[in-house]
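The values are calculated or read from the model by the stated rules, or taken from the named source; none is laboratory data. Computed from a prediction, not measured in an experiment: that's the story for all the values here. When we count neighbours, we look across all protein chains shown, and the Cβ atoms used for this are built from the backbone with ideal geometry, even at glycine. Ligands, DNA and RNA are excluded from the accessible area calculation, which covers all protein heavy atoms including side chains. Shrake-Rupley method; radii C 1.70, N 1.55, O 1.52, S 1.80 Å.
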Amino acid sequence: TRIFGYLENEVIGRDAHSILAPLKYLDAFRQGFEKFARTGEGSAVGQTLELEGKRKDGNEFPIELSLSTIKLSDGSWNAVAIIRDITERKRMDLMEKEILERLTTIINNVDGGIMMIDAVTKEIVDVNPVAAKLIGLPKEEIIGKLCHNFVCPADDGKCPIVDLHQKVDKSERILLTLDGKELPIIKSVVSVKMHEKEYLIESFYDLSARMKVEEALIEAKI
């Protein structure tokens, strides 16, 4: 009654499809229901589906429908539907998608390398173009690899962040490139939680050019 806007006495005894479902679903629903009434089977039975519902005022809104069956003592089949209004969830999903798209645009256009790592498995989940270029591999060949293959090499179980609980903020570390060279970088790491999973976001900059300038200055003074 709260979700659809009807009072109980307005719907009891009426065809559920005609009052709760948008017109676009009616033919398919009724055909499916005829089969269900005979056999207790149907494509939606035992499934959780995202559809649209129709309120009393005619407005359509997103719902989650879970459908199960009950066979009565007279051999006939009844359906039990659990319906959830997922309007807010859809709004949050859309907002999250827009935020992620903006973040992706920003990350792909910053000057430094950025790497996203699964905090549990230590597998690389994503890298931006700068990180891929510094490593010397295409993005597709980096994702899925252990972070220690490229950034801040460490023995198994001795990850400075996850295992040793060290803070890495503008710290000098090493990046291993495709040809085996050790590229000096300055790196910062933050931990974030998304979809109930924890990730490490590592950002780093190539120090090699600056170090060459510093070495040249030192030699000049000598």
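If you go through segment 20-32 one residue at a time, do you hit one that is touching a residue at least 24 places away in the same chain (Cβ under 8 Å) and at positive phi? Checked against the condition, which is being touching a residue at least 24 places away in the same chain (Cβ under 8 Å) and at positive phi, segment 20-32 yields no hits at all. All conditions in (1) of a type outside the set (A, V, I, L, M); (2) open to solvent by less than 40 Å² (accessible area, probe 1.4 Å); (3) within 16 Å of Val190 (Cα to Cα) hold for Asp126, with the sole exception of (2).
The residue of segment 78-91 that is nearest to Ser68 (Cα to Cα), among those that are surrounded by fewer than 12 Cβ atoms within 10 Å (Cβ to Cβ) and at pLDDT 90 or above, is Ile82.
Return yes or no: is Lys133 closer than 22 Å to Arg173 by Cα, in contact with a strand residue (DSSP E or B) (Cβ under 6 Å, 6 or more places away or on another chain) and surrounded by fewer than 19 Cβ atoms within 10 Å (Cβ to Cβ)? No; evaluated as a whole, the condition is false for this residue. Residues in segment 29-46: is at least one closer than 30 Å to Leu134 by Cβ, open to solvent by 100 Å² or more (accessible area, probe 1.4 Å) and not acidic (Asp, Glu)? Checked against the condition, which is being closer than 30 Å to Leu134 by Cβ, open to solvent by 100 Å² or more (accessible area, probe 1.4 Å) and not acidic (Asp, Glu), segment 29-46 yields no hits at all. Kindly indicate whether any position in segment 121-134 is at pLDDT below 85 and either in contact with a Leu (Cβ under 7 Å, 6 or more places away or on another chain) or in a loop (DSSP other than H, G, I, E, B) (or both). No, segment 121-134 contains no residue that is at pLDDT below 85 and either in contact with a Leu (Cβ under 7 Å, 6 or more places away or on another chain) or in a loop (DSSP other than H, G, I, E, B) (or both). Consider segment 51-76 and keep the residues that are at pLDDT below 90 and among the hydrophobic types (A, V, I, L, M, F, W, C). The one that is surrounded by the fewest Cβ atoms within 10 Å (Cβ to Cβ) is Leu72. Hey, can you tell me all the residues within segment 192-214 that are at pLDDT below 80, open to solvent by 90 Å² or more (accessible area, probe 1.4 Å) and within 30 Å of Met92 (Cβ to Cβ)? Within segment 192-214, His195, Glu196 qualify. Scanning segment 168-189 for residues that are open to solvent by 80 Å² or more (accessible area, probe 1.4 Å) and modelled with pLDDT of 75 or more returns Glu172, Leu178, Asp179, Lys181, Glu182.
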